[in-house]
1. If we keep just the residues of the stretch 88-106 that are in contact (Cβ under 8 Å) with a residue 40 or more places away in the chain and small (Gly, Ala, Ser), which is surrounded by the most Cβ atoms within 10 Å (Cβ to Cβ)?
2. With respect to the numbered conditions (1) touching a helix residue (DSSP H, G or I) at 6+ places or on another chain (Cβ under 7 Å); (2) over 28 Å from Thr99 (Cβ atoms), which one is the sole condition not fulfilled by Ser19?
3. For the structure I just gave you, tell me whether Val75 is in contact with a strand residue (DSSP E or B) (Cβ under 9 Å, 6 or more places away or on another chain), among the aliphatic types (A, V, I, L, M), surrounded by 17 or more Cβ atoms within 10 Å (Cβ to Cβ) and not in a helix (DSSP H, G or I).
4. Filter the stretch 118-176 down to the residues that are of a type in the set (Gly, Ala, Ser), modelled with pLDDT under 80 and either in contact with a His (Cβ under 6 Å, 6 or more places away or on another chain) or in the same structural domain as Gln102 (by TED's automatic domain parsing) (or both) and list them by number.
5. Kindly indicate whether any position in the stretch 30-42 is part of a helix (DSSP H, G or I), assigned by TED's automatic domain parsing to the domain that holds Ala15, hydrophobic (A, V, I, L, M, F, W, C) and surrounded by 11 or more Cβ atoms within 10 Å (Cβ to Cβ).
6. Could you please find all residues in the stretch 79-112 being closer than 20 Å to Leu152 by Cα and assigned to a loop (DSSP other than H, G, I, E, B)?
7. Check Glu67 against each of (1) within 29 Å of Ser2 (Cβ to Cβ); (2) in contact with a helix residue (DSSP H, G or I) (Cβ under 9 Å, 6 or more places away or on another chain); (3) acidic (Asp, Glu); (4) in the same structural domain as Ser147 (by TED's automatic domain parsing) and name the one condition it does not meet.
8. Can you tell me which residue among Leu27, Leu49 is surrounded by 14 or more Cβ atoms within 10 Å (Cβ to Cβ), farther than 30 Å from Leu107 by Cβ and outside the structural domain of Leu107 (by TED's automatic domain parsing)?
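The values are calculated or read from the model by the stated rules, or taken from the named source; none is laboratory data. If you're wondering where the values come from, they're calculated on a predicted model, not measured in any experiment. Using ideal geometry, Cβ is built from the backbone for each residue, glycine included, and neighbour counts are taken over all protein chains shown.
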Amino acid sequence: MSMSEVIQDVTKWLAWGGSGLGILTILAYLLNWGIKFRLTGTTIFTLLLSASCWAFNQSYTPPFNVEGYKYAPIVYDNGFDLVVAQASNDFPKEAIKPTLLQIAGNLKGGGRNGAQVKVRLRKIESVADGISRPIVLGEIINDLKESKIIELPIRNYSPIKDFSIEADSEEKNSLETYE
């Protein structure tokens, strides 16, 4: 039984229970029972729970699942137009596209204001002792305004050709830019 089905069932049971308690509460006031104030509180609380479950059920959307997805934690999200996930070093090539699709599919609008959100999957490669560089494995765009996902071709990022650090040099090392 899925979460949305459970919430629907609980909502119905709480609504029927609240209705029954409401009838008992009316009877308690008419017959001047001493328990009438306790019944009033219980009835109101049960109906409030029912209304809360109904509201949650209306807003609940189950997570988007893609076959072949492999877990990659999100390491950067600027809250607007860029999300970066970190792949492990042994990340399978066939899992890149499903992973990007699942991450993009589970993004919510929130404060993104209908932006086109770039979702990148990267891994870190060691260049030298204590120095590493990111390698982008794949990238897609989630257009939240149009509710569609745009796949981008994998770009070939050029490696850093000369990364030598000289302590006596006054010139700053220049890194080649990505294509």
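1. The residue in question is Ala104.
2. (1)
3. Judged against the criteria, Val75 is not a match.
4. Residues of the stretch 118-176 of a type in the set (Gly, Ala, Ser): 126, 128, 130, 132, 138, 147, 158, 164, 167, 169, 174.
Keeping just the survivors that are modelled with pLDDT under 80 gives 147, 158, 164, 167, 169, 174.
Scanning the stretch 118-176 gives a single hit, Ser147.
5. Yes - at least one qualifying residue is present in the stretch 30-42.
6. Answer for the stretch 79-112, where residues must be closer than 20 Å to Leu152 by Cα and assigned to a loop (DSSP other than H, G, I, E, B): Phe80, Asp81, Ala87, Phe91, Pro92, Asn106, Leu107.
7. All conditions pass for Glu67, except number (4).
8. Unique residue meeting the criteria: Leu49.
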